[in-house]
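Only the coordinates and a few stated rules stand behind these numbers; no lab work does. Quick caveat, the model's predicted, so the values are computed rather than measured. Ideal geometry is used to build each Cβ from the backbone, glycine not excepted, and the neighbour counts take in all protein chains shown.
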Amino acid sequence: MERINVAKTGVLSVAGTVGSFAVHQLGGWDMALNTLIIFMSVDYITGLVVAGVFNNSTKTEFGALESGAGFRGLCKKGMILAIVLMAYRLDMVMGSEFIRDAVIIAYIINESISIIENAGLMGLPVPSALKKAIEVLKSKSEEE
């Protein structure tokens, strides 16, 4: 039993150290990063529900849950965090404090759009004003 406690303590210590290092590299665990992580999680979970429960995913051929599509989604979320890391490092080099926050806000908007789209795929009524706002945001991002 004592070996299990020692192993558990070692694993938790390593996980805590790695997590602390990662958060430090992303600019700290502030409200913006917390919000982005929550929105990314909600988007991923709603995507799983759309595919697994409703069989209505646009990411797979038959709309069903597919491990490859889920892995691609996780890779995209990881890349979002890598871009946040780059933005924070640019802030440090330039002596500014706005690039990271602007990148995080842009990705929060993107995740919000995806969550609303997932809700629509589940058959939930999406208010027309929200649909129009999504279309405006999409067209603006495509122009840029």
Counting just the residues of the stretch 85-119 that are over 20 Å from Gly47 (Cβ atoms) and of a type in the set (Val, Ile, Thr), which one comes out surrounded by the most Cβ atoms within 10 Å (Cβ to Cβ)? Ile104
What pairs come up if the first residue lies in the stretch 19-42 and is farther than 14 Å from Val103 by Cβ, the second is part of a helix (DSSP H, G or I) and not polar (S, T, N, Q), and their beta carbons are under 6 Å apart, counting only those six or more places apart or on different chains? Gln25/Leu85; Trp29/Val23; Val42/Ile115
Among the candidates Ile4, Ile38, residue that is within 23 Å of Ala106 (Cα to Cα) and out of contact with any strand residue (DSSP E or B) (no Cβ under 7 Å at 6 or more places or on another chain): Ile38
Within the stretch 61-99, residues being in contact (Cβ under 8 Å) with a residue 24 or more places away in the chain, among the basic types (Lys, Arg) and in contact with a Lys or Arg (Cβ under 9 Å, 6 or more places away or on another chain) number 0
Output the residues belonging to the stretch 45-68 that are surrounded by fewer than 18 Cβ atoms within 10 Å (Cβ to Cβ) and either within 23 Å of Ile108 (Cβ to Cβ) or among the small types (Gly, Ala, Ser) (or both). Ile45, Leu48, Val49, Gly52, Thr58, Lys59, Gly63, Ala64, Ser67, Gly68
Give me a count of the residues in the stretch 74-122 that are farther than 22 Å from Val23 by Cβ and touching a Phe, Trp or Tyr at 6+ places or on another chain (Cβ under 6 Å). 1
